[in-house]
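So the structure is just underneath, and the comments pick up after that.
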2 protein chains.
Amino acid sequence: MIVTRTVAEFRAARDELLAGGQTAREGLGLVPTMGYLHEGHRSLMRRARAECSAVAVTIFVNPTQFGPNDDFTRYPRDEARDLEACAAEGVDLVLAPSIEEIYPEGACTTVSVGPLSRVLEGAARPGHFDGVATVVTKLFAIAGPCRGYFGQKDAQQLMVIRRLARDLVLPVDVVGCPIIREPDGLAMSSRNVYLSPEERSQALGISRGLRQAEAAWVDGVRDADSLRALVRSEIEAQPLARPEYVSLADTETLEELAGLAGPGALLSVAVRFAGTRLIDNVVLGG
Amino acid sequence: MIVTRTVAEFRAARDELLAGGQTAREGLGLVPTMGYLHEGHRSLMRRARAECSAVAVTIFVNPTQFGPNDDFTRYPRDEARDLEACAAEGVDLVLAPSIEEIYPEGACTTVSVGPLSRVLEGAARPGHFDGVATVVTKLFAIAGPCRGYFGQKDAQQLMVIRRLARDLVLPVDVVGCPIIREPDGLAMSSRNVYLSPEERSQALGISRGLRQAEAAWVDGVRDADSLRALVRSEIEAQPLARPEYVSLADTETLEELAGLAGPGALLSVAVRFAGTRLIDNVVLGG
């Protein structure tokens, strides 16, 4: 496994790996991450490993997607462990660059993905998706033609990235991969390490609420308000949990559903436990 | 010469042209244009032809860089003549796409290049450079690794494109090429066809003013206000000319110079003749 720190090193190693004139986008599988890798990230690497002839992982905690009150500086980092995880999954190439390498001096170019970026996570975290869209555009430009693997856990992020790849005509296939959960149901997240044991236990209300709403939908409950209320009551039953939003929205536009929820609707939540913010979701009938 | 209408056709033809595993960015020379090609565009094609193993021209009148009061619908078009010009210059590949091909349904992604985009042309034409940056990012993504050729006539556009290519880490070398002028000094522009004979004659005040200021600078005049005044008085001596701005600015930041103008300063103007807007510039000591 080759670990690179600069764009030039990464591109040289990529060209070496793909040598032989392979230009098909199936050649390279790209797994962009912010590090502190867990089983969710590893599932993306395994999928890429199975589908692509070379697999690259980027590890970069992107400052521009954090707001001034977000957890950029305390975001968990453990590069040595991350590199072990990559090696164990058969990754060929890692890019772990400095901030200056990704944001050159005087950088002032921003990529914005319209309305999709302004609701839900975008409303709660102004500027967040501009930061995501900008860094992902750069990572795709660095990688060149590829398949890009992203988790469904960040459902809105996945939608934003699909939209930008299509809108900017990037030579990238965006592949969404299922949420990976702990055995008790908690969606895997690098931020789970912030939780106290009590918060960790109460956080199960999130996946439980989503599961109950999903089961209700399967049983024929279609009223959007009722489904949202099911999730909300399960979360609010946890004294340490403060729900930021419980959304049931159209999967294409992310507009909140007013009446009935058909198959494919996205039921998603953000919940705070003190300084820790968790998100989770389920696609109804998905 | 292969003429393509879709991104997929273009990419297939490009891969064919560059076959043999050539991945160096010198392989492809890209000349993005809005068509109605003149000698200025042809000089870009010749430069690309001399420097690259394959040359591609795009012909696309980009709607998003025109404001509501701009001349998008009446912008001159003559594809048959453009294709002849490309063929005559030894171009290998043309992309002349529909609007829908470049802006897929629901497209809502915008690329913005900070402060550089908000002065001069950006102040006169709000949103103009977001449109330019967005379409050029797409065209670069369509082309893949390449050298991109742009004229110095649109000096600020060239700066914006250099900045975005650097900021987004695109695998593109941006090459700026000298302004091409008519024998009498008028900078070549597709918009020159709008000018009445009288306007055409008075428009010479623009290049004359720039030349006089350049000569004064060479003679030792360094005061920015004096240099701007020289240009302005020459333009204002033309009764049909309405100068929009006469700028003498830092070449890196485009901030207006307050005191003395050193080598490399950009002296640029925008002038209206009735419905026609012309721009021109000179780099002092350049």
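Here, each number is a calculation from the coordinates, and none is a lab measurement. As the structure is a prediction and not an experimental result, all values here were calculated from the model. Here the Cβ is made from the backbone with ideal geometry for all residues, glycine too, and neighbour counts use every protein chain on show.
Whole-Hz Karplus values for region A:74-79 come out as 9, 4, x, 9, 7, 5 Hz, taken residue by residue from phi with 6.51 cos²θ - 1.76 cosθ + 1.60 and θ = phi - 60°; glycine and proline positions read x. Using a Gaussian network model of chain B in which every pair of alpha carbons under 10 angstrom is joined by a spring, one finds that among B:262, B:220, B:27 the greatest mean-square fluctuation is at B:220. Classify the protein assembly as shown as rounded, prolate or oblate from the Cα gyration tensor: take a ≥ b ≥ c as the square roots of its eigenvalues, call it rounded if a/c is under 1.5, otherwise prolate when a/b beats b/c and oblate if not. Prolate.
Placing a pseudo-label 7 Å from each Cα along the Cα-to-Cβ vector at residue B:252 and residue A:1 gives an inter-label distance of 4.0 nm. Between this copy and the others, label points of residue B:51 are 3.8 nm apart in ascending order, each placed 7 angstrom from Cα in the Cβ direction. In order along region A:94-111, the phi-based Karplus estimate (6.51 cos²θ - 1.76 cosθ + 1.60, θ = phi - 60°) of 3J(HN,Hα) comes to 10, 10, 10, x, 6, 4, 5, 5, 8, 10, x, 3, x, 4, 8, 9, 10, 9 Hz; Gly and Pro are listed as x. When the Cα gyration tensor is reduced to axis lengths a ≥ b ≥ c, the ratio a/c is 1.5 or higher for region B:84-134, and with a/b not above b/c it is classed as oblate. Every helix of 4 or more DSSP H residues in the protein assembly as shown counts as -39500 (n - 2.57), and over all residues that averages to -11000 deg cm²/dmol at 222 nm. Of the residues A:258, A:87, A:229, the one that moves most in a GNM of chain A with alpha-carbon contacts below 10 Å is A:258. Per-residue shielding of A:133-145, expressed as the average number of other chain Cβ atoms within 10 Å of the residue Cβ, stands at 3. Plainly put, the tip 7 Å out from Cα toward Cβ on residue A:72 is 3.5 nm from that tip on each other copy, the closest given first. Evaluated with a Cβ-only charge set (Lys, Arg +1; Asp, Glu -1), the protein assembly as shown carries a dipole of roughly 140 debye about its Cα centre, given to the nearest 20. Using the Cβ-Cβ distance between residue B:233 and residue B:72 with R0 set to 30 Å, the FRET efficiency works out to roughly 0.35.
Under a 5 Å amide H cut-off, with hydrogens placed 1.01 Å from N, residue B:94 pairs with B:2, B:3, B:4, B:57 among residues at least 5 apart or on other chains. Mean partner shielding of peptide A:166-175, defined as the number of other chain Cβ atoms within 10 Å of each residue Cβ, is 5. Measuring between their Cα centroids, region B:238-252 and region B:146-218 lie 13 Å from each other.
Rounded, prolate or oblate: which fits chain B, taking a ≥ b ≥ c as square roots of the Cα gyration tensor eigenvalues, rounded meaning a/c under 1.5, else prolate when a/b beats b/c? Prolate is the answer for chain B, as a/c is 1.5 or above and a/b outweighs b/c. For residue B:98, project a label point 7 Å along Cα to C-beta. Then give me every residue of region B:1-17 with its amide nitrogen under 18 Å of that point. Residues passing the 18 Å test: B:3-11.
For residue A:253, inter-copy separations between label points set 7 Å beyond Cα along the Cβ vector come to 4.5 nm, shortest first. Straight-line cross-link reach from residue A:138 at under 19 Å between alpha-carbon atoms covers these lysines, not counting any fewer than eight positions away in the same chain: B:138.
In terms of surrounding Cβ atoms within a 10 Å radius of their Cβ, B:58, B:110 rank from fewest to most as B:110, B:58. Among beta bridges from DSSP that stay inside chain B, the antiparallel ones total about 50%.
Mean per-residue shielding of peptide A:101-113 is 6, counting Cβ atoms of other chains within 10 Å of each Cβ. Rounded to the nearest 20 debye, the dipole size of region B:1-113 about its Cα centre is 260 debye, using +1 on the Cβ of Lys and Arg and -1 on the Cβ of Asp and Glu.
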